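Heads up: the structure comes next, in structure tokens.
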Amino acid sequence: MNTIFLLMAEFNTAVVPLSLISEKYFGLAPRTAKDRATANRLPVRVWRESQKSEYLVSLIDLANYIDEKRKAANVKF
């Protein structure tokens, strides 16, 4: 099954707030994830619509990140 379709089924949208995915997919508290987003230190691209809005993440980028992590975990030594 394709990772992007699973994420779309979970969130019902193509773009999600960083705070919704930070703990589950990055293991970071929402505040820590926001701080790292501000410093451009997250493994996916994030953006804001305005200075006061929340950081957003594309599910395509998140799916690519998950797939890369899965491939790295399957590397045989």
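Placing +1 on the Cβ of every Lys and Arg and -1 on the Cβ of every Asp and Glu, with no other charges, gives the chain a dipole of roughly 280 debye about its Cα centre. For residue 34, the aspartates and glutamates whose Cα falls under 13 Å of its own Cα, not counting residues fewer than eight places away in the same chain, are 23, 54. For the stretch 32-77, the square roots a ≥ b ≥ c of the C-alpha gyration tensor eigenvalues yield an a/c of 1.5 or more together with a/b exceeding b/c, which makes the shape prolate. For residue 28, the residues whose modelled amide H falls within less than 5 Å of its own, excluding neighbours fewer than 5 places apart on the same chain, are 23.
Local charge for residue 15 was computed over the other residues whose Cβ lies under 14 Å away, with Lys and Arg +1 and Asp and Glu -1, and equals -2.
Considering only 34, 52, 24, the Gaussian network model of the chain with Cα springs below 10 Å gives its largest mean-square fluctuation to 52. Placing 3, 38 in order of accessible area, with the largest value first and a 1.4 Å probe, yields 38, 3.
Sorting 20, 7 by solvent-accessible area of protein heavy atoms yields 20, 7, largest first, with a 1.4 Å probe.
The values are calculated or read from the model by the stated rules, or taken from the named source; none is laboratory data. Note that this is a predicted model, so its numbers are computed, not measured. Every residue, glycine as well, gets a Cβ built from its backbone with ideal geometry; the counts of neighbours run over all protein chains shown. The accessibility values were calculated without ligands, DNA or RNA, using every heavy atom of the protein model including side chains. Shrake-Rupley method; radii C 1.70, N 1.55, O 1.52, S 1.80 Å.
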